[in-house]
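What follows is a short report on a single structure.
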Amino acid sequence: MAAGGSRGLLGLWLLAAAGLAVGKAPSCHEVRTAFQLRQIGPLKLVPDVPTAESDLQICQHRAPTCCTKKMEESYQAAVRRERYQSIQAMNFELNYMIVGYVTAFQEAFESLLRLAENRTSSLFETAYRPMAKEAAEPVKKLFRDISLYILGAETTVEGAVLRFFDSLFPLVYSRLINPGITDLSEDYTECLRLTRQDINPFGRYSKNMVTELSKSLWASRMLSQALSLGIEVINTTEHAVLSKECSRALVKMQYCPHCQGLTLIRPCVGYCLNVMRGCLASVSELDAQWREYISTLEYLTNEMAASHDLEIALTGIRNSINEAILHAQLNGPQLSATVDKVCGQPKQEGNLSSDHIVPVKEATETQALVMAHASLNNKRREFINYMKRSRTFYASIAERLCEGDLVMKDSSTCWNGEDVVESYTSRVVSSGLKAQINNPELKVRGLDPLISNLIDKLQHFNQLDAEKAKLKLERWASRDAGSGGGRSEEMEASGDCDDEDGCQGSGDRIHTADILKDKKAHPENRNEPKPTVKKIDTTTTTSTVKSSSKHSVTGSGSSPALSSSLVILTALAVLWHCPL
């Protein structure tokens, strides 16, 4: 009895503090003060004294009231604004972490991309100076296309690489294989581009480059898409529109007590949970796919951190291109014979030779690479640890909104939607759309279309990522096992990757004559739009090269792999003239 009496006295004290004296009409002074402090609407809307307002739609009560219909409308606008602010505040840290990691990821990737482009540019500036100026634009376009692919553009790795080699072959043919060519017209250049697709002058190196880049860039592309999707989820849930039933239920829970002068009383915990779970039923349906999304993020970030495949593949572009050029030079006589038959014989002025290339001091690119990777890896650990803690973010959103100052926890009295009571006696439903059929506080009509679309996007991404990961692990494991760690020319010729990897199929073999005919019929298709890019300062590496007569071999002396390639090429050149 003593405990019960204490709770009763506390309740009476709260009622008195709220401005409601037992047996008397409510005072509207506190209501006016609260209305003004919360900036709900014009103060003139609040009456000075209670009235018997009969046209109230939400806060209907038998006793005199301090509310009017206009105040109810202001309260509805206020609860919509407050819910947006509350959800935005909860989303802030999550959004901050995702955006922060997006920034770190893009900065590290751009740094790596600049480094790889500088290395590739230095190859032409030191080893292949006769074609360096003309090769600058194809090199820039190659790395621009790779960047666009990573950021989710509708492009492919194979398309980017093969377009590069299409542009490179006319330069290699006219500046290295036949350095005396003077007539390099647009038509002749186009014929050389198309001939490359038939005669494959760069051998397996173009396909190898596609395979290595596709394998390494895939996780980066998927992670970029995942991060963008995470930001979209946050923005959509913040701006989800409250239903009419929800806004009325929120007014009833938060502001109808004010109509009775009870500005200090707060909702019962169970009552708040029912209202919030009903209002956020659609949002809570994100839970299952959000949990899977977090697992996908963890997988993708671990894929990138597990090895330096991306760094190796991008910085290895330089050597791949060099090997491809050496292969074309070695087969110069055969290529010339084929090109002469298809494109005709251009004008020549004897054989030209390039200048002697002076060695350039090696740049400190390894240090920049290590720093970029370490910075991203540190950010990755912090990011993924936080994201793993947010697995239940959307399942528990209603509970977090009902925490803090919104509800009564330590008091024996609270607001149940109709009156001040010692406890909430209605059934408290669980989260999720299905459970709201039994919600006593509001009717939930169905899944919000915006949230439904978001769930579909998450589901599609999670399924697509899982399927791709499985396919790639199986394909690459099988290929590596079958080739003893290498790749056979048969595999390269059959195609190493598919559209999922960023490849566009086995379209490397095209009939030159047919395409030339189509180009002449449709000249407007000849040039592709060129997006603008920032000029990149290049940092060269060491190289000493001499180039002389027609069909000479040109290379870079800075790479151990290249040195071994020159030895192999010399041996092949000897065997070339030996009868079997």
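The values are calculated or read from the model by the stated rules, or taken from the named source; none is laboratory data. Small disclaimer: the values here were computed from a predicted structure and weren't measured. Because the Cβ atoms are built from the backbone with ideal geometry, glycine has one as well, and the counts that use them run over all protein chains shown. We work out accessible area using only protein heavy atoms, side chains counted, and drop any ligands, DNA or RNA first. Shrake-Rupley method; radii C 1.70, N 1.55, O 1.52, S 1.80 Å.
Shown in residue order for region 102-114 are the 3J(HN,Hα) couplings computed by the Karplus curve 6.51 cos²θ - 1.76 cosθ + 1.60 at θ = phi - 60°: 4, 4, 5, 4, 5, 5, 5, 5, 5, 4, 5, 5, 4 Hz (x for Gly and Pro).
Pairs from the table (Lys69/Lys443; Lys133/Lys207; Lys70/Lys244; Lys44/Lys244) lying more than 19 angstrom apart at Cα are Lys69/Lys443; Lys133/Lys207; Lys44/Lys244. Label separation (Gln57 vs Ser426): 1.9 nm, computed from points 7 Å beyond Cα along the C-beta direction.
Counting only protein chain heavy atoms and rolling a 1.4 Å probe, the accessible areas of Asp448, Asp187 rank, largest first, as Asp187, Asp448.
Positive-end ranking of Val49, Gln36, Thr65 along the dipole of region 24-65, with charges on Cβ about the Cα centre, is headed by Gln36. Our summary gives region 133-283 a relative contact order of 22 percent, counting only alpha carbon pairs under 8 angstrom and 6 or more residues apart.
Cα centroid separation, region 188-233 to region 238-256: 51 Å.
Multiplying the residue separation of Glu186 and Leu447 by 0.36 nm and removing their Cα-Cα distance gives an extension gain of 88.1 nm.
With the gyration tensor restricted to C-alpha atoms of region 215-302, the semi-axes of the equivalent ellipsoid amount to 41, 12, 10 Å, longest first. Within the full protein context, the accessible area of Thr189 is estimated at about 40 Å² for a probe radius of 1.4 Å. Every pair of different Cα atoms in region 161-259 enters the Kirkwood calculation, which places the hydrodynamic radius at 19.2 Å. A 1.4 Å probe over all protein chains sorts Thr195, Thr263 by accessible area into Thr263, Thr195, starting with the largest.
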